[in-house]
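See below for the structure under consideration.
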Amino acid sequence: MIKPEEYMSSPVVTTTPTTTLHAIATLMDEKNIGCLVVMQENNLAGIVTERDILRKVLAHGKDVHHITAQDIMTKDVFTVQKDATLMEVAALMKQHTFRRIIVMDDASPVGIITSRDLIGLLV
């Protein structure tokens, strides 16, 4: 049985709810990643993706200099534990139309599985 930890991207790059959009975009560019996990006092608070930036900020002409992670992050984040199966991950992603899901070790994020990672299993 294939586990998420075999295919997830790790370590997870995190930020805080008060991080500015400029700092978020800079970090995503530096790390060549498409999302940041938002943590508040060691608790998962949300996720900010490139799509969030496009749809919630740029598409509406918002002032990028005054936007923070908490303004645009997705707060209702689905996660899986690291001992879940990839079939469980794929089923959740399909059911909820996610492109990414955070892999947890109890309450700590340890990786991210993307739809691209799952497609890579088929090729």
Item to check | Residues of type aspartates and glutamates that LYS82 reaches as a straight line, Cα spacing below 20 Å, ignoring anything fewer than 8 places off in the same chain | outcome: GLU5, GLU6, ASP105, ASP106, ASP117
Next on the checklist: Of VAL103, ILE72, ILE47, which is farthest towards the positive pole of segment 1-108's charge dipole, taken about the Cα centre with +1 and -1 on the beta-carbons of Lys, Arg and Asp, Glu respectively?
Outcome noted: ILE72
Next on the checklist: Here are labelled values, (i) 13, 45, 32, 10, 1; (ii) 10, 20, 25, 27, 15, 2; (iii) 15, 52, 31, 2, and one is the computed P(r) over Cα pairs in 10 Å bins from 0, in percent for what I pasted. Which one?
Outcome noted: (i)
Checklist entry - If you build a Gaussian network model of the chain, linking Cα atoms that sit under 10 Å apart, which residue out of LEU86, LEU54, LEU44 swings the most? => result LEU54
Checklist entry - Could you give the dipole magnitude of the chain about its Cα centre, charging the beta-carbon of Lys and Arg +1 and that of Asp and Glu -1, in debye to the nearest 20? => result 420 debye
Checklist entry - Cα to Cα, under 16 Å, and not fewer than 8 places away if on the same chain: which aspartates and glutamates meet these conditions relative to LYS75? => result GLU41, GLU50, ASP52
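Readers should treat all values here as calculations from the given coordinates under stated rules, not as data from a laboratory. Given the structure is predicted, the values throughout are model-derived calculations rather than measurements. Glycine also receives a Cβ, built like all others from the backbone with ideal geometry; neighbour counts cover every protein chain displayed.
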